[in-house]
1. With the condition kept exactly as written, say whether any residue in the stretch A:128-139 is modelled with pLDDT of 95 or more, within 28 Å of residue B:49 (Cα to Cα) and more than 19 Å from the chain's Cα centre (by Cα).
2. In the stretch B:143-166, how many residues are facing chain A (nearest Cβ under 10 Å) and either touching a Leu at 6+ places or on another chain (Cβ under 9 Å) or assigned to a loop (DSSP other than H, G, I, E, B) (or both)?
3. Check off (1) in contact (Cβ under 8 Å) with a residue 24 or more places away in the chain; (2) within 23 Å of residue A:175 (Cα to Cα) for residue B:104 and give me the number that stays unchecked.
4. Can you say whether residue B:179 is free of Cβ contacts under 8 Å to residues at least 60 places away in the same chain and either part of a helix (DSSP H, G or I) or more than 12 Å from chain A (Cβ to nearest Cβ) (or both), as far as the supplied structure shows?
5. Which numbered condition trips up residue A:181, out of (1) under 25 Å from residue A:82 (Cβ atoms); (2) small (Gly, Ala, Ser); (3) under 16 Å from the mean Cα position of the chain (by Cα)?
6. Quick check on this structure: which one of A:113, A:90 is surrounded by fewer than 20 Cβ atoms within 10 Å (Cβ to Cβ), of a type in the set (S, T, N, Q) and touching a Ser or Thr at 6+ places or on another chain (Cβ under 9 Å)?
7. Among the residues of the stretch B:172-182 satisfying the criterion of being of a type in the set (A, V, I, L, M, F, W, C) and either surrounded by 21 or more Cβ atoms within 10 Å (Cβ to Cβ) or out of contact with any helix residue (DSSP H, G or I) (no Cβ under 8 Å at 6 or more places or on another chain) (or both), which is farthest from residue B:129 (Cα to Cα)?
8. Filter the stretch B:86-132 down to residues that are more than 22 Å from residue A:44 (Cβ to Cβ) and among the aromatic types (Phe, Trp, Tyr) and give me whichever is nearest to the other protein chains (Cβ to nearest Cβ).
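The values are calculated or read from the model by the stated rules, or taken from the named source; none is laboratory data. Note that the structure is predicted; figures quoted are calculated from it, not measured. Using ideal geometry, Cβ is built from the backbone for each residue, glycine included, and neighbour counts are taken over all protein chains shown.
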2 protein chains.
Amino acid sequence: MRASFGVVLLLASVLIGKVSAGDGPQYTADGKLVRPVNYREWIFLSSGSGMTYGPAAEAVRDGNPPFDNVFVNPSAYRSFLASGTWPDQTIFMLEVRASQSKGSINNGGRFQTNVIAIEAEVKDEKFPGKWAFFAFGKSGADAKMIPATADCYSCHKQNGAVDNTFVQFYPTLIEIAKQKGTFKRTAE
Amino acid sequence: MRASFGVVLLLASVLIGKVSAGDGPQYTADGKLVRPVNYREWIFLSSGSGMTYGPAAEAVRDGNPPFDNVFVNPSAYRSFLASGTWPDQTIFMLEVRASQSKGSINNGGRFQTNVIAIEAEVKDEKFPGKWAFFAFGKSGADAKMIPATADCYSCHKQNGAVDNTFVQFYPTLIEIAKQKGTFKRTAE
């Protein structure tokens, strides 16, 4: 049996490509962001307790501080490790979850329970300010872009340590950004 | 230029293998567990605030509740999605981090800072009870097995919802285990 070098290389590149790429933003025909189904398998950057961002601010009112988990798509993460900043087609997913204290063997502190809200921040050259925000609610399959006049845009731009993002709250990325010279010192 | 089919297939399989496998436990010649260098790129299961496990219990004493981040190796996670339980060669990594409240724009709630302790729970048929625990301290490159008489062994065995693990605290895995019939109801 014989096969050409070109055919086999094509097969190899398709298989490898399937593993390493395809994690950029996908949009519906009318410009909504499609919620990435597997964002929980992306790179975890950090979580906070009782910290809130924009539309999820209502969540703390019941006295149970929510957790916010932040994930980024793997291809953007690899690029950040090399450059200290975010490439085009970066997606941050913010997952806000309710918390609980008493449950199973836990008698102190808090653990995570149900999803309260899911939001995204996307870097895409097609947006005038390059970055755009989207709110999926608890489980929306897609989301319209939040208007660029919303507070999240100005707050991220003014206070994000690296290129519109809160790297100051992502402990494994802080030193990388500082070494690469991309960390805005005034954000600390 | 010519290359044989076999050589190119070998190249392809090496490249693909590098991405998809090799995330099981590695041991030193004297049986210590080697700390996985890239566990922060594994699958994030959840984080808690002020929850402690075994040797990290001292961490809460300073009044700042630590966060505990739990990661599992990707191959074990894929197996869990299919079966509702953990295969041989599963590794859980528990990363305990200090917390801070005032910092940057944050004025309420808490965010994560430095590592306090790193621990592992490994499933390996070579251990008498199949599961074993290891404590790396803040940054140890390898760790001796914690003796099987330690509390962590009995507590996980008695109280873990699925096969020695606290799936009751991992919100995305609870329903999977219940659907597969592997969830111990008394653990809730």
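1. Looking for residues that are modelled with pLDDT of 95 or more, within 28 Å of residue B:49 (Cα to Cα) and more than 19 Å from the chain's Cα centre (by Cα), one finds none in the stretch A:128-139, hence no.
2. Total meeting the criteria: 3.
3. In the conditions (1) in contact (Cβ under 8 Å) with a residue 24 or more places away in the chain; (2) within 23 Å of residue A:175 (Cα to Cα), residue B:104 misses (1) alone.
4. Taking the combined requirement at face value, the residue does not satisfy it.
5. (3)
6. After applying the criteria, what remains is A:113.
7. Looking at the filtered set, the residue picked out is B:173.
8. So, considering only residues that are more than 22 Å from residue A:44 (Cβ to Cβ) and among the aromatic types (Phe, Trp, Tyr), the one nearest to the other protein chains (Cβ to nearest Cβ) is B:131.
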